[in-house]
1. Condition (residue is within 10 Å of another protein chain (Cβ to nearest Cβ), at pLDDT 95 or above and under 25 Å from B:Thr244 (Cβ atoms)) applied to segment B:177-200: is it met by at least one residue?
2. In this structure, does A:Ile415 turn out to be more than 16 Å from A:Leu454 (Cβ to Cβ), touching a residue at least 24 places away in the same chain (Cβ under 8 Å) and assigned by TED's automatic domain parsing to the domain that holds A:Ala368?
3. Would you confirm whether or not segment B:250-261 contains a residue that is of a type in the set (A, V, I, L, M, F, W, C), surrounded by fewer than 24 Cβ atoms within 10 Å (Cβ to Cβ) and within 21 Å of A:Leu41 (Cα to Cα)?
4. Of all the residues that make up segment B:401-411, how many are touching a strand residue (DSSP E or B) at 6+ places or on another chain (Cβ under 7 Å) and outside any helix (DSSP H, G or I)?
5. For segment B:30-78, give me the residue count where each residue is surrounded by fewer than 22 Cβ atoms within 10 Å (Cβ to Cβ) and in a strand (DSSP E or B).
6. Being surrounded by 19 or more Cβ atoms within 10 Å (Cβ to Cβ) and either in contact with a strand residue (DSSP E or B) (Cβ under 6 Å, 6 or more places away or on another chain) or under 14 Å from B:Thr309 (Cα atoms) (or both) is the filter here, so list the residues in segment A:455-484 that pass it.
7. If only one of B:Ser153, B:Ser135 is in contact (Cβ under 8 Å) with a residue 12 or more places away in the chain and more than 7 Å from every other protein chain (Cβ to nearest Cβ), which one is it?
8. Which residues, counting only those in segment A:75-105, are facing another protein chain (nearest Cβ under 7 Å) and on the phi > 0 side of the Ramachandran plot?
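The values are calculated or read from the model by the stated rules, or taken from the named source; none is laboratory data. Quantities reported herein were computed from a predicted structural model and do not represent experimental measurements. Cβ placement follows ideal geometry from the backbone for every residue including glycine, while neighbour counts extend to all protein chains displayed.
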Amino acid sequence: MNQTLEKPIFEYSRPGRGAAAQHPPAPSADAIGRAAIPDALRRREAPLLPEVSELDAVRHFTRLSQLNFSIDTNFYPLGSCTMKYNPKACNQYAMLPQFLGRHPLAPATVGQGFLSCMSELQDMLKEVTGMAAVSLSPMAGAHGEFAGVAMIRAYHRARGDLARDEIIVPAAAHGTNPATATMCGCSVKEIPVDAEGDVDLDALTKAVGPKTAGIMLTNPSTLGVFERKIEAVARIVHGAGGLLYYDGANLNAILGKVRPGDMGFDAIHMNLHKTFSTPHGGGGPGAGAVGVSARLEPFLPVPLVGSDEQGHRWLDETDRPQSIGRLSAFMGNAGVLLRAYIYMRMLGRDGMARVGEFATLNANYLQARLRDAGYELAYPTRRASHEFILTLRREAKEFDVTAMDIAKRLLDFGIHAPTTYFPMLVPECLLIEPTETESRETLDGFVEAMVAILAEARSDPARLKAAPYTMPVRRLDDVRAAKHLELTWKPVQ
Amino acid sequence: MPFIPHTEEDVRLMLAAIGAPSIEALFDEIPAGLRVQGLAGIPPGLSEMEIGRLMSERARQDGQPLSFLGGGAYEHHIPAAVWAIATRGEFYSAYTPYQAEASQGTLQLIHEYQTMISSLTGLEVSNASLYDGGSAVAEAALMAVRAHRRSNSQRVLLPTTVNPRYRQVARNTAGGQGLRFETIPCLSDTGSIDPAALAAYAGEDIAAVVIQQPNFFGRLEDVDALTDQAHALGMMVIAVVNPTSLALLKPPGEWGTRGADICVGEGQPLGVPLSSGGPYFGFMTTRMAHVRSMPGRIVGRTVDLEGRTGYTLTLQAREQHIRRGKATSNICTNQGLLMTAATLYMTLLGPTGLARVAEASMTRTAQLVAALSTLQGVRPAFAGAHFHEAVLRIDRPVAGVLRALEAEGILGGLDLAADYPELGHALLVCATETKTDADIERYAAALGRALEALRAA
């Protein structure tokens, strides 16, 4: 890489320059526009927006893009994030002009094409997850979690079961799980997992009771292994009157093999930007469709797509009086949903089952090769799911290098770092998820880089500690960033 | 195999390295009784050519009617460069910039976005965006309750002039944490917040009031007086604004004597296609004093080991992956790609272009209202200044009128009957810079015919 840094766009700005082709014509003298604004409500000083030519803008932002790692340019084995290839067709056909131009408040009569895609998407998601019903509206995984826990609360409330305000999460859960429980007005109870990564059933049995609203689980878990006691977990929680929430972050691992609905889950979210390959976009948009068992169906967030002999239409609170309501101004991340629809139709039933198979094959292959290369597995007796964890506690002790050092050094090999320091209960961990779209050669290249880094840890640990060397910047001073907040560009005085 | 590169030889070698007899064996930890055999309900796969044909047919079904709809999502011209750049793989297929050294492009872009949105809204700090305008209002209410230094109140005032969908999202999102939203009415002649209704809260403990400018009816509120009044009553002020309008309108940071405390809004007008309602993005800005109460990602400028400028996510101690149950929000993503598009849009439009878009939209709406109001049985509902939307009162039920217009390929606006029954037969219309004289004439002629037919019936 070694790209040179790019100066802020504001430093290209020159008064009076602009991308003139993009500006509407100057208003005529008799235009009603600005004159209609009362003097007290007018803006006095123009906003700080750049004044640059179209070429200036294109060059600047293209150069910025070149400072990024991305799936299109680099292997990106970021655990828990499912950084698989995003097929170009999904983007191209979701951006047909009629789809892009359709106003969200346009009547269903001028949206039957779009709505039919949404209706089929609801049905396909039901089929792959084994849930009774699906709502597409949540806009990200965490948003889907919010909908799920809100539905669980609404269910208990509708039964007059008002004391249930505790959510149980395993210690290794995603941070969004406890944060979501708090947003829904619940308190959080953490339970441990055993040495092989399964939920501690004794601790669970002690934790449940008349205050239990539900449990939030990821399966395969955040430890990269399948939760083998899931049926017992479901029995215990249901037996205590609680419900089971499935965090769909790891759905890619089991697509076509086992379904959350069959495991006993009552509410789930699916990260369409992971499993169904919609783009991560530098941090969003996601899409966090939710699925439910029959008892939670009345509480699904609106809008849903309903279908009858007249065609498809949105269902709102009038049709669904027990709904937890609307969580987005319009229809969630509709354009993302279209991309997921296209991806699912291209894969079809066989392609979807292959996703789980080859994601799992790739992860187990990498796990075996890295173990043989001398890395310590966090759960050596277990099969990997679609991801697995290395622990660098030995290297940390012997050579004083951390998981972060190794992650940063990988960047110099042109490989995006795996997830570091999550889950927090494994010391000095790297969570590695190759996904099914990577070839054996790419995985072998990763192993070679990891072997070289391990050799370097032994011979020259100081070199690791100062990595990376070939990125546009060296390691950044995060402490300074938080202490001397510079959150906007300021002109040089 | 679509999107899977493995040859048979690869699979054989990989299984040998693992020491497993088959791919199937890799699933042997899953209890056998739970396994599914196939997904019969999913149709067989399609090639790219086949899906292309299918999607083109679906798109054709939706058509491209002439639209005068607003109500929170607005049709604007989007420069070709915006999505040509935003869909570059380096932006489109990157993840959250947690590894700062390998994400300087996204991080610097967010910093530039924060600068533009801060300046546009006249407040010091911006986050890297939220889900949409509705969820941004909900997050702003939660933030105001957290950030208010002299009140523990969980009561927030939501005037009826705030987008009804934003009010629903706020209730549905923040209600679980105990926030209570109370409605205050608007004046029936001007369609703006009733200051007397706000004054009636004197002596009560209220965390914040939400003021939308321009409001849902397109009317310009007297934001200076309302802001000062709310501050005098000990409330924080949450501004909800249309970003295009801020090229011409006083920014929330300058409202009244002290300015609004938090500003949020729907970012869609800044280069994001209508796309049936999403993905859009919500923006949020505030004063530096409240930055630690703000939800969402924030990017700061710093230096690297060699003293060179670089950008990184900062103040992460507020966020869920660090704070877990005590985080400011459960939000994890921002709407990165849409924020990227908006930054490109604001750059290409610049201060001059954005002001022209705003001014042209105002002018077109004023022309539309004038043209339609010449028809018998149509008149503007509210007196006073409007931005690019207005409410018309019609002497026939709006639903039937809209159906007649639809038959002529025109989406005539939003029927307010469900959300504002007290307004009678009321229609919210919008025209932006995308509408021409001919478009407006076509609408007026069609509406005339529709009303005549309805009267004759």
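1. No: zero hits.
2. The answer is no for A:Ile415.
3. So far as segment B:250-261 goes, no, none of its residues is of a type in the set (A, V, I, L, M, F, W, C), surrounded by fewer than 24 Cβ atoms within 10 Å (Cβ to Cβ) and within 21 Å of A:Leu41 (Cα to Cα).
4. Residues that pass the stated criteria total 3.
5. 2
6. A:Met471, A:Pro472, A:Val473, A:Arg474, A:Arg475, A:Leu476, A:Ala481
7. B:Ser153
8. none
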